[in-house]
Amino acid sequence: MEYWDIYDENKQLTGNKMVRNDWNMKPDQFHLTVLGVIERSDGKFLITKRVETKSWAPGHWEVSGGGVMAGETSYEAVVREIKEEVGLDVTKAKGGYAFSYKRVNLEEKNNYFVDIYKFYMDFKEEDVKIQENEAAGFKLATRNEIKEIAQKGEFLHYDSIKNVFMENPQIFLIGFMGTGKSTVSKALAKILPYEIIEMDQTIVDEAKMPIAQIFEKYGENYFRDLETNLVTRISKSLEDGKKKIVSCGGGVVVRETNRQIMKQCGKIVLLTASPKTILDRVKDSDERPILNGNMTEDYIEKLMEKRDELYKNTADFAIKTDGKSAESIAEEIFVNLFK
Ligand code: S3P
């Protein structure tokens, strides 16, 4: 017999179990289900068609998923379900947990949470091995094809999960010096199939001198011109649709043109940290000419205050980074992309 863990309404384990599909749940009891969506780099999603012999929603299209077994995590469950249903191993895929929803069905005595996972992985059609008693076939469908199937009422749970099929945006990471833009970019590129553009590094490579020397030799204004020129070129390069994470220089928001260009191109994510955290992170750097001779918490706080509005007004959403690992910040950003 297969058992499921019973969760409370806040998705906490209660320590109790239920028999799978035994719809006899009390109003404050929930079980957990997972759905896993796989997108290939050509923008196609793997979807399967339910066999006609199913009593519920026969012949409908869906993605892999099922109940989380007692003792299992939702990640373990989604990996297992995808393996069982379509024969693919997503343990090395990019992506991960995207979002959840909750359903209370008092009459049916069936309350549950659904965790949605989005994976990015390339695979060939011949790698797909569908479980024949469950699925009548599969298809590699574009997001528009899935939408059309849903409009005919033939795609299961589409309204609840449609954000998982959204096209991922270009991402700009902005924020004060030392908020972790470069480190977080690297962690984010492990989850998203994106390339990284490091603005500061690109400027250094092109100018063939460190930022401190550019400031010293030509002044801040010249550096800001290089920045604007680069932001403009980046925005053009994004037109080919290839997805990028742009790790911006801390002062890129200072110019109105830069803010406008970035806003037109994609999602702008603001990383924040307290002046104390910033000082800890940058105090040994000789690559921040803006802080030359002013490496104090007080100076950082004042400059931050001056730029605060610009950062906030430019960003689509902000993430606090104090005390968090780059990996957890990257996961937070990933989850925010589905909102
Ligand atoms: C600056 C931040 C730096 C760099 C330059 C100016 C700023 O980037 O572009 O020193 O004005 O805040 P980081 O935020 O990557 O340190």
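Starting from the Cα gyration tensor of the range 50-141, take the square roots of the eigenvalues, sort them a ≥ b ≥ c, and report rounded, prolate or oblate (rounded when a/c is under 1.5, otherwise prolate if a/b is larger than b/c, else oblate).
Judged from the Cα gyration tensor, the range 50-141 comes out oblate (a/c at least 1.5, b/c at or above a/b).
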Loop only by DSSP, 12 or fewer other Cβ within 10 Å of the Cβ. Give me the GluC sites (Glu not before Pro) in the range 164-265 that pass, ordered by residue number.
167
Let me know the Rg and Dmax you get for the range 3-165 when you use only its Cα atoms, in Å.
15.6, 45
Put +1 on the Cβ of each Lys and Arg and -1 on the Cβ of each Asp and Glu in the chain; which of 120, 285, 77 then has its Cα farthest toward the positive end of the dipole?
285
In degrees between 0 and 90, to the nearest 10, how far off the longest principal axis of the chain does helix 74-86 point, with axes built from Cα atoms?
60 degrees
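Determine the dipole magnitude for the chain: charges of +1 sit on the beta-carbon of Lys and Arg, -1 on that of Asp and Glu, nothing else is charged, the reference point is the Cα centre, and the result goes in debye to the nearest 20. Intermediate values should be presented prior to the final figure.
Values: 50 positive and 57 negative charges, 108 e Å.
It comes to approximately 520 debye.
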Can you give the FRET efficiency for residue 41 and residue 136, using 1/(1 + (r/R0)^6), R0 = 25 Å, r = Cβ-Cβ distance, to the nearest 0.05?
0.40
A chain fully extended from residue 8 to residue 92 at 0.36 nm per residue, minus the present Cα-Cα distance, gains in nm 27.1 nm
Could you tell me the largest-minus-smallest coordinate of the C-alpha atoms of the chain on each of the three principal axes, in descending order and whole angstroms?
75, 42, 30
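To make sure I understand, if each residue's beta carbon is the centre and we count other beta carbons within 10 Å, what order do 204, 86 fall in, fewest to most? Mind showing how you got there, number by number?
Numbers: 204 18, 86 24.
Ranking 204, 86 by Cβ neighbours within 10 Å, fewest first, gives 204, 86.
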Whole percent per 5 Å bin, from 0 to the bin with the longest distance: what is P(r) over all C-alpha pairs of the range 193-241?
5, 19, 29, 22, 12, 8, 4, 1
Measuring from the longest principal axis of the C-alpha atoms of the chain, the long axis of helix 220-237 (C-alpha) lies at a number of degrees, nearest 10, equal to 30 degrees
Excluding same-chain residues fewer than 8 positions from residue 162, which lysines have a Cα within less than 18 Å of its Cα?
44, 49, 102, 118, 139, 147, 152, 339
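In debye to the nearest 20, how big a dipole does the range 1-153 give about its Cα centre with +1 on each Lys and Arg Cβ and -1 on each Asp and Glu Cβ? Walk me through the numbers before you get to the answer.
Values: 23 positive and 27 negative charges, 70 e Å.
Once rounded to the nearest 20, the dipole reads 340 debye.
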The answer for residue 318, listing residues at least 5 apart or on another chain whose modeled amide H is closer than 5 Å to its amide H, is 270
What's the whole-number percent of alpha carbon pairs in the range 250-339 lying beyond 15 angstrom?
65 percent
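From Cα pairs below 8 angstrom and at least 6 apart in sequence, can you work out the relative contact order of the chain, rounded to a whole percent? Please report the intermediate quantities before stating the final value.
Working: 596 pairs, mean separation 56.0, N = 339.
RCO, the chain: 17 percent.
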The range 245-316: trypsin sites (Lys or Arg not before Pro) in DSSP coil with no more than 14 other Cβ atoms inside 10 Å:
283
Applied in sequence order to the range 193-199, the curve 6.51 cos²θ - 1.76 cosθ + 1.60 (Karplus, θ = phi - 60°) yields integer Hz couplings, x standing for Gly and Pro, of x, 10, 8, 9, 10, 9, 4
Which of the GluC sites (Glu not before Pro) found in the range 1-57 are loop residues per DSSP with 15 or fewer other Cβ atoms within 10 Å of their Cβ?
2, 9, 52
Please list the non-local residues whose amide H lies under 5 Å from the amide H of residue 99, H modeled 1.01 Å from N, same-chain partners needing a gap of 5 or more.
116
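If you take the Cα atoms of the range 170-336, find Rg, then find the Kirkwood Rh from the mean of 1/r over all pairs, what is Rg/Rh? Can you show the working numbers first?
Working: Rg = 15.0 Å, Rh = 16.1 Å.
Using only Cα positions, Rg/Rh for the range 170-336 is 0.93.
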What is the P(r) of the range 1-86, as percent of Cα-Cα pairs per 10 Å bin from 0?
16, 39, 32, 11, 1
Only four residue types carry charge here, +1 at the Cβ of Lys and Arg and -1 at the Cβ of Asp and Glu. Report the dipole size of the range 180-230 about the Cα centre in Debye, rounded to the nearest 20.
220 debye
Long-range amide H partners of residue 134 with built H, under 5 Å
none
Overall form of the range 216-275 per C-alpha gyration tensor (a/c, 1.5; a/b vs b/c):
oblate
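Taking Rh as the Kirkwood radius, which is the inverse of the mean 1/r over Cα pairs, what is the Rg/Rh value for the range 87-129?
On the way: Rg = 15.4 Å, Rh = 12.9 Å.
With Rh from the inverse mean 1/r over Cα pairs, Rg/Rh is 1.19.
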Calculate for the chain the 222 nm mean residue ellipticity that helices alone would give, adding -39,500 (n - 2.57) per DSSP H run of length 4 or more and normalising by residue count, nearest 500 deg cm²/dmol.
-10500 deg cm²/dmol
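Each reported figure results from applying straightforward, stated rules to the coordinates on display, with no laboratory input. Just so you know, these numbers come straight off a predicted model, no measurement behind them. Cβ atoms come from the backbone with ideal geometry, glycine included; neighbour counts cover every protein chain shown.
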